[in-house]
Amino acid sequence: MPILFVSARGEKETVPRLDNTGVTGRYLASDGTTGEAVWGTSGPWMALTGVVNGAPVTVAILDHPSSYNHPTYWHARGYGLFAANPIGRHAFDPKQPPRESHYSGHLNDTTAARYGRPGLAPLFPDEKTEVTIRPNHYMVMGDNTMNSSDSRTWGDFSRTNVIGKYFFVYWPFSSRFGWAPR
C-alpha cells in the first residue's frame, strides 16, 4: 500500500511503503538488557546486531570514561533510533530541573517559565500544543536545552534552506544498510 507525501514542489506523490521483510535488529546494552528495554538505560556501550544480505552485522557505540556525563544514557528504538545521549539525564530522571547546556526534556514555554526562562518556546505554550507545518517546510528541533533556539521559538524551516545529504544508513538492517551512493 503506497503512502501519500507532498513533494518539494507542493505536489502530492505516492511512495511505495518500505518492505521490511527480512529486516532484523536487536539492541544489546552493556548490562545485558536487550530489545527496546534498553531505552533510557545508561552504560559504557550499546550494540545493535542484525543480518544484512545473509551476513551478520554489528554496530556498536562506545562511551569512553572521560566522556561528558559518563556513563551515557541510550536512545534506542525499534524504528532505528540508535544514539548516545550524554546530556539527557533530565529526560530519564525528571526529578532533575532543567539547566543551561543540559538536555531538559521536551521543553515548552510553561516549563521554561517555571524555571525562569519565559519566552523560550513561545510557539509551544504547553504540552498540548499542536502545530501544522507548511508544505516544503520542516520542524527543526534543537537539543532541548534551556539555551536552545529552534522551531519552538522561530517557527518552521523552509526546505530551500536545507543543505547537505545523508551519507550512511544504519537502520534498518536491510539492503539499504551502509554507505550512501555517491
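Among (1) modelled with pLDDT of 80 or more; (2) crowded, with 17+ Cβ neighbours inside 10 Å; (3) closer than 30 Å to ARG117 by Cα, which single condition is ASP63 missing?
Looking at each condition in turn, ASP63 falls short on (3).
Checking the structure you have, find out if any residue of segment 36-48 is surrounded by fewer than 15 Cβ atoms within 10 Å (Cβ to Cβ) and out of contact with any strand residue (DSSP E or B) (no Cβ under 9 Å at 6 or more places or on another chain).
Checked segment 36-48: no residue is surrounded by fewer than 15 Cβ atoms within 10 Å (Cβ to Cβ) and out of contact with any strand residue (DSSP E or B) (no Cβ under 9 Å at 6 or more places or on another chain).
When you check ARG176 against the structure, is it modelled with pLDDT under 80 and over 19 Å from the mean Cα position of the chain (by Cα), yes or no?
Judged against the criteria, ARG176 is a match.
Are any of the residues in segment 101-121 among the hydrophobic types (A, V, I, L, M, F, W, C), in a loop (DSSP other than H, G, I, E, B), at pLDDT 65 or above and out of contact with any helix residue (DSSP H, G or I) (no Cβ under 8 Å at 6 or more places or on another chain)?
No: zero hits.
Residue check, ILE133 against (1) surrounded by 14 or more Cβ atoms within 10 Å (Cβ to Cβ); (2) at pLDDT 80 or above; (3) within 19 Å of the chain's Cα centre (by Cα), all met but one. Which one?
Result: ILE133 passes all but (1).
The values are calculated or read from the model by the stated rules, or taken from the named source; none is laboratory data. Since this is a predicted model, take the numbers as computed values, not measurements. Virtual Cβ from ideal backbone geometry, glycine too; neighbours counted across all protein chains shown.
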